[in-house]
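What follows is one structure encoded as structure tokens, with my remarks underneath.
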Amino acid sequence: MNMNNGSFIVESSGERLDKIFSERFEDISRSHIKDLIVSGQILLNGKKVKAGEIVKTGQLVEYSFEDIKPLEAKKEDIDFEIVYEDDDLVVINKPQGLVVHPCQSTQSGTLVNGLLFKIKNLSGINGVLRPGIVHRLDKNTSGLMIVAKNDKAHNSLAKQIADKTLFKRCYLALCEGHFKNYEGGIESYIARDKKDRKKMAVSDSGKYAITNYKVIKSFEKYDLVEFSLETGRTHQIRVHSKMLNHPVVGDDVYGHAVKGLKGQLLHSYKLSFVHPSSGETMDFEIDLPEHFKDFIEKSCK
């Protein structure tokens with residue numbers, strides 16, 4: 001396999017090393033770039049550093065790694081519902097089992113492939129593999145997602161998420177057992193699990209996370225719970241549910257697999273944000289998907 005060798009000078013200060021490298025090599029996933037930095041195949045001023053190292057103007061970035069097959073996001077006719085669309089954005093209802101964007105292990109059949117097929121224009125801020133993607137849902141989490149059609153809209157929506165004020169997300173989940181309190185909040189730091197890098201875990205460090213919850217209905221074995229996010233960490237609801245010893249039903253990563261279910265019963269059912277052009281508050285709400293309602297009907301008393 002051919003080697004990819006080269007170097008470049010940092011033109012401006014303040015960015016992370018992995019970010020500026022990904023901007024030059026859009027076909028390489030951010031996770032793979034991190035691996036290259038960790039393994040010393042990408043150096044800063046001749047030294048091995050962390051992926052999150054903040055670079056300075058004039059520093060030298062050197063790289064030497066084997067060529068990998070570049071990832072592409074190709075147009076594919078993927079089945080998902082468009083709930084709302086205008087010149088700036090699209091609100092979609094993501095079905096359970098649909099991966100949001102391509103990666104090394106999943107290069108087709110994703111939401112992004114379907115967006116490229118159905119939507120003419122998408123924002124390019126997140127690169128060629130994540131066009132329009134402002135926020136994510138896990139593969140087996142269903143429900144409302146917002147997609148940006150231009151960079152102005154993308155920046156506005158991303159700022160709303162970062163400010164934790166105008167962008168609101170609510171989820172419904174069926175959780176194992178019964179919550180001690182019918183309403184409350186969960187706060188912790190969340191980081192990568194030290195034993196399994198594919199999982200997240202409550203930690204003494206990492207990123208601060210706040211999840212609010214309210215029990216909507218109690219069944220014999222389960223509680224139907226509304227979760228609202230004040231932060232948007234990877235697997236946040238699933239990790240916090242496990243922290244309370246009430247994992248989401250069907251979650252085979254943080255709880256238990258359930259026969260007949262293809263994943264966790266977690267659904268993004270409410271979405272609220274300020275429209276990036278009109279300034280109007282936009283509110284969306286959708287019903288539970290059929291697989292979720294069927295399980296309640298058959299297994300809950």
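Can you give me the number of residues within the stretch 264-297 that are on the phi < 0 side of the Ramachandran plot and outside any strand (DSSP E or B)? Number of matching residues: 19.
Just a yes or no: is a residue in the stretch 78-93 open to solvent by less than 60 Å² (accessible area, probe 1.4 Å), modelled with pLDDT under 90 and part of a loop (DSSP other than H, G, I, E, B)? No, there is no match, as no residue in the stretch 78-93 is open to solvent by less than 60 Å² (accessible area, probe 1.4 Å), modelled with pLDDT under 90 and part of a loop (DSSP other than H, G, I, E, B).
Exactly one of these conditions fails for SER228: (1) under 18 Å from HIS256 (Cα atoms); (2) outside any loop (DSSP other than H, G, I, E, B). Give me its number. Every condition holds for SER228 apart from (1). The residues on offer are ASP193, ASP204, and the sole one that is open to solvent by less than 50 Å² (accessible area, probe 1.4 Å) and modelled with pLDDT under 95 is ASP193. Please verify whether ASP252 is part of a loop (DSSP other than H, G, I, E, B) and either in contact (Cβ under 8 Å) with a residue 12 or more places away in the chain or open to solvent by 10 Å² or more (accessible area, probe 1.4 Å) (or both), treating the condition exactly as stated. So ASP252 fits the description; yes. Of all strands (runs of 3 or more DSSP E) completely enclosed by the stretch 160-218, which ones contain at least 2 residues that are in contact (Cβ under 8 Å) with a residue 40 or more places away in the chain? Fully inside the stretch 160-218 and qualifying: 168-176, 183-192, 207-218. Looking across the stretch 233-246, the residues that are assigned to a loop (DSSP other than H, G, I, E, B) and open to solvent by 50 Å² or more (accessible area, probe 1.4 Å) come down to ARG233, THR234, LEU244, ASN245.
Which of the residues belonging to the stretch 176-220 are out of contact with any Lys or Arg (no Cβ under 9 Å at 6 or more places or on another chain) and farther than 16 Å from ILE237 by Cβ? Residues satisfying the conditions are LYS180, ASN181, LYS194, LYS195, ASP196, ARG197, ASP204, SER205, LYS217, SER218.
Looking at GLU183, is it of a type in the set (Asp, Glu), modelled with pLDDT of 95 or more, open to solvent by 30 Å² or more (accessible area, probe 1.4 Å) and more than 25 Å from HIS32 (Cα to Cα)? The answer is yes for GLU183. Of all the criteria given as (1) of a type in the set (D, E, K, R); (2) under 22 Å from PHE284 (Cα atoms); (3) surrounded by fewer than 22 Cβ atoms within 10 Å (Cβ to Cβ), the one not satisfied by ARG169 is (3). Pairs are defined by a Cβ separation below 9 Å, a sequence spacing of at least 6 or placement on different chains, a first member in the stretch 266-294 that is farther than 25 Å from TYR222 by Cβ and in contact (Cβ under 8 Å) with a residue 12 or more places away in the chain, and a second member that is β-branched (Val, Ile, Thr) and assigned to a helix (DSSP H, G or I); the pairs so defined are PHE273/ILE161. Scanning the stretch 135-159 for residues that are under 19 Å from GLU230 (Cα atoms), in a loop (DSSP other than H, G, I, E, B) and of a type in the set (S, T, N, Q) yields one hit, THR141. In the stretch 19-47, the residues that are at positive phi reach residues that are in a loop (DSSP other than H, G, I, E, B) with C-beta atoms within less than 6 angstrom, at least six apart or across chains, in these pairs: GLY40/LYS48; ASN45/GLN59.
Taking the stretch 79-99 as the range and being among the β-branched types (Val, Ile, Thr) and without any contact (Cβ under 8 Å) to a residue 40 or more places away in the chain as the test, only ILE82 passes. Answer with yes or no whether PHE227 is buried (at least 21 other Cβ atoms within 10 Å of the Cβ) and among the aromatic types (Phe, Trp, Tyr). Yes, satisfied.
Selection over the stretch 3-12 of residues that are open to solvent by 70 Å² or more (accessible area, probe 1.4 Å) and assigned to a loop (DSSP other than H, G, I, E, B) gives a count of 1.
The values are calculated or read from the model by the stated rules, or taken from the named source; none is laboratory data. Quick caveat, the model's predicted, so the values are computed rather than measured. Heads up, the Cβs are rebuilt from the backbone with ideal geometry, glycines too, and the neighbour counts pull from every protein chain shown. Surface accessibility is based on the protein's heavy atoms, side chains included, excluding ligands, DNA and RNA. Shrake-Rupley method; radii C 1.70, N 1.55, O 1.52, S 1.80 Å.
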